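Trainee: The structure that follows is given in the form of structure tokens.
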Amino acid sequence: KLPDSILHFDVLMLDIWNTEDKVQIKTYHKPESCVRTVQVSDYVRYHYNGTLLDGTLFDSSHTRMRTYDTYVGIGWLIAGMDQGLLGMCVGEKRIITMPPFLGYGEKGDGSDIPAQASLVFDVILLDLHNPKDEITVEVQSLPDPCPRKSQVGDFMRYHYNGSLLDGTFFDSSYSRNRTYDTYIGKGYVITGMDKGLLGVCVGEHRRIVIPPHLAYGEEGTGTKIPGSAVLVFDVHIIDFHNPSDIVEITGVKPENCTHNAKRGDFVKYHYNATLMDGTYIGSTHNSGKTYDVVLGAGQVVIGMEQGLIGMCVGEKRRLVIPPHLAYGEQGVDGEVPGSAVLVFDVELVDLEDGLPEGYMFVWNGDVSPNLFSEMDKNKDAQVDTTEFSDYILQQVEEGKGRLAPGFEPQRIIQNMYDNQDRNKDGRITEDEFKLKADEAGSHDEL
Ligand SMILES: [Ca+2]
Ligand SMILES: [Ca+2]
């Protein structure tokens with residue numbers, strides 16, 4: 001022992017705790033919106049930096065570039081974390097400080113955490129769900145009226161933005177500039193989406209929050225959706241239909257509407273066409289020229305023919321035509337998207353009665369018994385195309401016969417002529433004429 005010596009101690013305080021200590025929580029960032037906080041048995045994904053009380057870093061999820069994923073409050077974590085994460089919001093940042101007996105205690109952990117060390121975790125919570133969770137749906141805007149809501153088996157076209165709970169974007173149909181198209185309720189999309197798209201209206205905006213067990217599970221998918229991630233989809237319903245849909249016809253029938261369009265009739269109409277969301281497709285009103293077709297002749301899509309049948313001149317209808325009665329899955333390049341439902345506002349402007357099914361020419365009265373000799377103007381015992389054509393046109397002009405409306409008369413007459421000229425030598429003899437006239441049920445009959 002040295003007498004009268006002065007002792008110097010340089011003391012560096014590394015750690016201090018008390019057996020009465022509890023977990024200390026200091027929140028230094030709280031998100032504006034916090035609909036839900038961590039409860040016992042929730043599953044969380046978070047990032048952390050772990051340090052000793054003196055600031056020595058012993059572990060970091062950030063350097064591993066992946067979140068720490070675990071259940072909370074049921075003993076999967078050290079006690080200090082099981083307690084310290086409770087009540088946290090997604091997006092919240094907090095510092096959780098715990099005494100060693102709530103951390104790794106007397107033994108410490110490996111070479112990085114010494115015995116009896118207090119621990120400090122700087123935590124940001126990224127994700128939170130409970131295995132008992134269902135999807136949640138938040139309707140953001142609802143069209144009025146909404147005459148129909150989607151059901152299992154409908155085919156839907158929608159846009160979406162997909163993000164994780166902390167707001168990290170992972171996918172968007174908008175970026176591809178095309179809708180996502182699928183049957184719903186049939187397992188073609190993740191379970192949560194299948195459920196979340198039921199009961200929607202055309203035009204609706206809704207947010208669908210899907211826990212991982214109803215999405216991509218513990219594995220996640222691709223590079224952007226981590227395992228056990230909750231997904232947030234903001235969807236906009238463009239349209240939907242059912243494969244069993246027929247043309248939906250609305251409109252008020254004018255009074256004294258007695259003469260209605262039927263198959264074979266030649267009709268002239270105006271239309272304005274849009275998609276269900278109002279996107280313009282086309283209109284006759286721009287040119288002022290009507291669209292003219294023969295009903296049943298396949299000149300327009302089936303849904304349009306069905307929608308026009310039964311209309312009278314002056315009548316207006318709205319036709320909602322599902323894609324299988326319009327342009328199908330293909331659509332029309334650059335004009336109509338595949339599988340799109342179309343809305344036509346039509347007005348019938350003119351209607352000319354067609355001929356009976358299958359006929360292109362009919363006599364209004366009795367047929368002349370001297371048909372052949374009447375046609376054979378120059379009396380050379382054969383009818384050539386000019387004689388034939390002149391004769392038919394004259395009958396039409398005098399009201400004795402009618403050609404099917406809506407077709408080129410010369411083409412009809414040429415067909416009739418070719419039909420009659422059995423040996424195809426370019427002229428019709430009296431024998432050919434009789435032979436043909438004897439056959440029953442043939443079309444374009446004289
Ligand atoms: Ca002749
Ligand atoms: Ca001939």
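Bear in mind these aren't lab numbers, they're just calculated from the coordinates by the rules spelled out. These numbers come from a predicted model, not from an experiment. Every residue, glycine as well, gets a Cβ built from its backbone with ideal geometry; the counts of neighbours run over all protein chains shown.
Trainee: With springs only between Cα atoms under 10 Å, which of Thr168, Thr56, Thr274 fluctuates most in a Gaussian network model of the chain?
Mentor: So, out of Thr168, Thr56, Thr274, the one fluctuating most is Thr56.
Trainee: Same structure again: Once the other residues with Cβ under 14 Å from the Cβ of Leu319 are scored (Lys, Arg +1; Asp, Glu -1), what is the net sum?
Mentor: Net charge in that neighbourhood comes out at -3.
Trainee: Calculate the all-directions average of the projected area of region 286-413's alpha-carbon convex hull, and give it in nm².
Mentor: 11.1
Trainee: Okay, next question. For region 26-34, what does the Karplus curve 6.51 cos²θ - 1.76 cosθ + 1.60, with θ = phi - 60°, yield as ³J(HN,Hα) per residue in whole Hz, taken in order and with x for Gly and Pro?
Mentor: Taking θ as phi minus 60°, the curve returns 10, 7, 10, 8, 10, x, 4, 10, 9 Hz for region 26-34.
Trainee: Filter the cross-link list Lys149/Lys195; Lys268/Lys400; Lys268/Lys316; Lys253/Lys316 down to pairs whose alpha-carbon distance in this structure exceeds 18 Å.
Mentor: Lys268/Lys400, as the Cα separations exceed 18 Å there.
Trainee: Tell me, rounded to the nearest percent, the portion of alpha carbon pairs in the chain spaced more than 43 Å apart.
Mentor: Tail of P(r) above 43 Å: 49 percent of Cα pairs.
Trainee: Full-extension gain between Ser287 and Phe101, please, as 0.36 nm times their residue separation minus the C-alpha to C-alpha distance.
Mentor: Length gained between Ser287 and Phe101: 58.5 nm.
Trainee: Please check: in the Gaussian network model of the chain (C-alpha springs, under 10 Å), which one of Gly196, Gly399, Gly331 has the largest mean-square fluctuation.
Mentor: Gly399
Trainee: Could you work out how far helix 385-397 tilts from the main Cα principal axis of the chain, as a 0 to 90 degree angle to the nearest 10?
Mentor: The helix 385-397 is inclined about 80 degrees to the chain.
Trainee: Output the relative contact order of the chain, whole-number percent, from Cα pairs under 8 angstrom with separation of 6+ residues.
Mentor: Worked out over the chain, it gives 10 percent.
Trainee: If one computes the Cα centroid of region 1-64 and of region 163-239, what distance in Å separates the two points?
Mentor: 39
Trainee: Next up: Which part of region 375-417 falls in the paramagnetic zone of Asp353, meaning amide N under 12 Å from the point 7 Å along Cα-to-beta-carbon?
Mentor: 402
Trainee: Would you calculate a helix-derived [θ] at 222 nm for the chain, using -39,500 (n - 2.57) for each DSSP H run of n ≥ 4 and dividing by the full residue count, to the nearest 500?
Mentor: Only helices count here, giving -4000 deg cm²/dmol.
Trainee: So what's the Cα pair-distance distribution over region 51-152, bin width 10 Å, in %?
Mentor: Whole-percent P(r) values from 0 Å outward: 12, 36, 24, 11, 9, 6, 3.
Trainee: Show the residues, 5+ positions off or on another chain, whose built amide H is closer than 5 Å to the amide H of Val349.
Mentor: Those qualifying (amide H under 5 Å, at least 5 residues apart or on another chain) are Lys268, Tyr269, His270, Gly314.
Trainee: Quick one: if the Förster radius is 30 Å, what FRET efficiency do Glu398 and Asn260 give, using the C-beta to C-beta distance and rounding to 0.05?
Mentor: Efficiency at R0 = 30 Å is approximately 0.55.
Trainee: Per q in 0.12, 0.18 Å⁻¹, report the Debye log10 I(q)/I(0) for region 248-352, using one uniform scatterer on each alpha carbon and no solvent.
Mentor: Debye intensities relative to I(0), on a log10 scale: -0.37, -0.84.
Trainee: Please build a GNM for the chain, connecting alpha carbons under 10 Å apart, and tell me which residue among Lys186, Lys22, Lys379 fluctuates the most.
Mentor: In the Gaussian network model the winner is Lys379.
Trainee: Over every pair of different alpha-carbon atoms in region 196-311, take the mean of 1/r and invert it; report that Kirkwood radius in Å.
Mentor: 18.6
Trainee: Evaluate the charge dipole of region 144-185 about its Cα centre and quote only its size in Debye, nearest 20, assuming +1 on the Cβ of each Lys and Arg and -1 on the Cβ of each Asp and Glu.
Mentor: 180
Trainee: Would you list which aspartates and glutamates come within 16 Å of Lys22, measuring only between C-alpha atoms, while excluding same-chain residues fewer than 8 positions from it?
Mentor: Once the sequence-local aspartates and glutamates are set aside, what remains near Lys22 is Asp82.
Trainee: If you split all Cα-Cα distances of region 136-241 into 5 Å bins from zero, what percentages do you get per bin, shortest first?
Mentor: Result, from short to long distances: 2, 14, 23, 27, 20, 10, 4, 1, 0 percent.
Trainee: May I ask you to compute the full-extension gain from Asp366 to Asn423, defined as 0.36 nm times their residue separation minus their alpha-carbon distance, rounded to one decimal in nm?
Mentor: So the chain would gain 17.7 nm between Asp366 and Asn423.
Trainee: Need the full-extension length gain, Lys26 to Met65, defined as separation in residues times 0.36 nm minus the C-alpha distance. One decimal, nm.
Mentor: Full extension from Lys26 to Met65 adds 11.6 nm.
Trainee: Send over the semi-axes of region 361-438's equivalent ellipsoid, whole angstrom and largest first, taken as the square roots of 5 times the C-alpha gyration tensor eigenvalues.
Mentor: 19, 15, 12
Trainee: Turning to a different aspect of this structure: From the residues Leu119, His29, Ile78, which one has its Cα farthest along the dipole of region 24-129 in the positive direction, the dipole being from +1 and -1 charges on Cβ of Lys/Arg and Asp/Glu about the Cα centre?
Mentor: It is His29, whose Cα lies furthest towards the positive end.
Trainee: Additional query: Cα centroids of region 385-401 and region 74-92: how far apart, whole angstrom?
Mentor: About 95 Å separates the Cα centre of region 385-401 from the one of region 74-92.
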